[in-house]
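*Asks:* Before we start, here is the structure in question, set down as structure tokens.
The values are calculated or read from the model by the stated rules, or taken from the named source; none is laboratory data. Predicted, not measured: the structure shown is a model, and the values here were computed from it. Every residue, glycine among them, receives a Cβ derived from its backbone with ideal geometry; neighbour counts consider all protein chains shown. Keep in mind that these areas ignore ligands, DNA and RNA; they rest on the heavy atoms of the full protein, side chains included. Shrake-Rupley method; radii C 1.70, N 1.55, O 1.52, S 1.80 Å.
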Amino acid sequence: RSSAASDVYKRQPLGDAVDRVLTATGAPGPHRVPGHYYTSPDVPREVVESPTPVVGPSTPLVVGRELCTATVAGFDAAGRRVAVTAGHCGAPGDPVTSADAPERGQVGVVTRVGDLDQAVILLDPTVTVTATYGDVTVTGLGGPTPAPMTQVCKTGITTGRTCGPVLEATPDYITAHYCGSEGDSGAPVLDGGRLVGMVNGSSTLLPSCVTPLQGDMHSPTVGATWTAVAEDLDATGGVGTGFRLP
């Protein structure tokens, strides 16, 4: 593993003891991000068995030296393999590796960071892009912005799959009360199987999610809508224009 990817798996001094307590209370590991004790997604079997690197919705990505989560992967109008994540995860030119398969080396490079805090990743031609990654499947892109109190869900490397009600929605951003923390940035936000947005950050001064023992005492999460991101990709041109699912 690269040093950056290896950092993801380092344990905190009290990690084993906390793991045992949380397992007893219904929140077992893996807890793959130090200092966070939600159940992280494990490496999908199909990723381990694939002869090529695999990237899809919720793939944990190391961008430069930052851990984030892929929103989605597919093809653009020119047939290039493309993935999207949060823009604050890296800068143009940063190398990207999969935290689920770091031994495979670099899988792509950031080509652009947009005003909605989205990053476009040009993936290597050897990468297999998929609309299903582990337990996450994207069946549609964009569409109507979810109304307030609609339940949406996200899956990120740090806090796993969490769901909650939409609190506020505009054409550009969705704020919802589900768990998200560092490392989850970029994670897909789904209304059923429809990709409606991504995770970008917290919306209040409340703490982010560290452990399920917090209950609902955590900050809501805000993120760009997929419709706004896609419109920006198409308006800007270049890598990512005309994005479609595999």
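*Asks:* Within region 210-229, take every residue that is assigned to a helix (DSSP H, G or I) and at pLDDT 95 or above and give me the one that is nearest to Asp172 (Cα to Cα). Full working, then the answer.
*Replies:* Quick first cut of region 210-229, residues assigned to a helix (DSSP H, G or I) only: 212-214, 226-229.
Still in the list and also at pLDDT 95 or above: 226-229.
Working: Trp226: 8, Thr227: 8, Ala228: 5, Val229: 8 Å.
Ranking the candidates gives Ala228 first.
*Asks:* Considering only region 30-47, state which residues are of a type in the set (Asp, Glu) and either assigned to a loop (DSSP other than H, G, I, E, B) or at pLDDT below 70 (or both). Explain how you work it out, then say what you get.
*Replies:* The initial filter retains those residues of region 30-47 that are of a type in the set (Asp, Glu), namely 42, 46.
Residue satisfying the conditions is Asp42 alone.
*Asks:* Scan region 86-94 and tell me whether some residue there is modelled with pLDDT of 95 or more, under 24 Å from Leu190 (Cα atoms), open to solvent by 40 Å² or more (accessible area, probe 1.4 Å) and within 17 Å of the chain's Cα centre (by Cα).
*Replies:* Kept after step one, since they are modelled with pLDDT of 95 or more, are these residues of region 86-94: 86-94.
Adding the requirement that they be under 24 Å from Leu190 (Cα atoms) leaves 86-90.
With open to solvent by 40 Å² or more (accessible area, probe 1.4 Å) added as a condition, the list becomes 88.
Checking the rest, the ones that are also within 17 Å of the chain's Cα centre (by Cα) come to 88.
Within region 86-94, one or more residues are modelled with pLDDT of 95 or more, under 24 Å from Leu190 (Cα atoms), open to solvent by 40 Å² or more (accessible area, probe 1.4 Å) and within 17 Å of the chain's Cα centre (by Cα).
*Asks:* Can you give me the number of residues within region 178-198 that are of a type in the set (S, T, N, Q) and at positive phi? Even if it seems obvious, please write down each step before you answer.
*Replies:* Of all residues in region 178-198, those of a type in the set (S, T, N, Q) come to 181, 185.
Add one more test, that the residue is at positive phi, and what stays is none.
Selection size over region 178-198: 0.
*Asks:* Looking only at region 48-70, count how many residues are open to solvent by 10 Å² or more (accessible area, probe 1.4 Å), in a loop (DSSP other than H, G, I, E, B) and over 17 Å from Glu182 (Cα atoms).
*Replies:* Total satisfying the criteria: 4.
*Asks:* Oh, and also: I need the full set of residues from region 75-85 which are among the aliphatic types (A, V, I, L, M) and in contact with a strand residue (DSSP E or B) (Cβ under 6 Å, 6 or more places away or on another chain), in order please.
*Replies:* Restricting attention to region 75-85, the residues satisfying the condition of being among the aliphatic types (A, V, I, L, M) are 77-78, 82-84.
Scanning region 75-85 gives Ala83, Val84.
*Asks:* Surrounded by 18 or more Cβ atoms within 10 Å (Cβ to Cβ) and in contact (Cβ under 8 Å) with a residue 60 or more places away in the chain: does that describe Asp76? Can you show your working first?
*Replies:* Details: surrounded by 18 or more Cβ atoms within 10 Å (Cβ to Cβ): yes; in contact (Cβ under 8 Å) with a residue 60 or more places away in the chain: yes.
Answer is yes for this residue.
*Asks:* Quick one: how many residues across region 113-142 are open to solvent by 50 Å² or more (accessible area, probe 1.4 Å), touching a residue at least 40 places away in the same chain (Cβ under 8 Å) and of a type outside the set (Asp, Glu)?
*Replies:* Quick first cut of region 113-142, residues open to solvent by 50 Å² or more (accessible area, probe 1.4 Å) only: 113, 115, 122, 124-126, 128, 132, 135, 137, 139, 141.
So of that shortlist, the ones also touching a residue at least 40 places away in the same chain (Cβ under 8 Å) come out as 115, 122, 124-126, 128, 132, 135, 137, 139, 141.
Then keep just the ones that are of a type outside the set (Asp, Glu); that gives 122, 125-126, 128, 132, 137, 139, 141.
The qualifying residues number 8.
*Asks:* Criterion first (open to solvent by less than 30 Å² (accessible area, probe 1.4 Å), in a strand (DSSP E or B), under 16 Å from Gly180 (Cα atoms) and small (Gly, Ala, Ser)) does Gly108 satisfy it?
*Replies:* On the way: open to solvent by less than 30 Å² (accessible area, probe 1.4 Å): yes; in a strand (DSSP E or B): yes; under 16 Å from Gly180 (Cα atoms): no; small (Gly, Ala, Ser): yes.
No: the conditions fail for Gly108.
*Asks:* Okay, moving on. From the list Ala73, Ala78, Ala83, Ala27, pick out the single residue that is part of a loop (DSSP other than H, G, I, E, B), among the small types (Gly, Ala, Ser) and modelled with pLDDT of 95 or more. Even if it seems obvious, please write down each step before you answer.
*Replies:* Values: Ala73 fails: part of a loop (DSSP other than H, G, I, E, B); Ala83 fails: part of a loop (DSSP other than H, G, I, E, B); Ala27 fails: modelled with pLDDT of 95 or more.
Checking each option against the conditions leaves just Ala78.
*Asks:* When you go through Gly237, Gly242, Gly164 one by one, which is the residue that is modelled with pLDDT of 95 or more, over 16 Å from Cys89 (Cβ atoms), out of contact with any His (no Cβ under 8 Å at 6 or more places or on another chain) and surrounded by fewer than 24 Cβ atoms within 10 Å (Cβ to Cβ)?
*Replies:* Details: Gly237 fails: modelled with pLDDT of 95 or more; Gly164 fails: out of contact with any His (no Cβ under 8 Å at 6 or more places or on another chain).
Going through Gly237, Gly242, Gly164 in turn, the sole match is Gly242.
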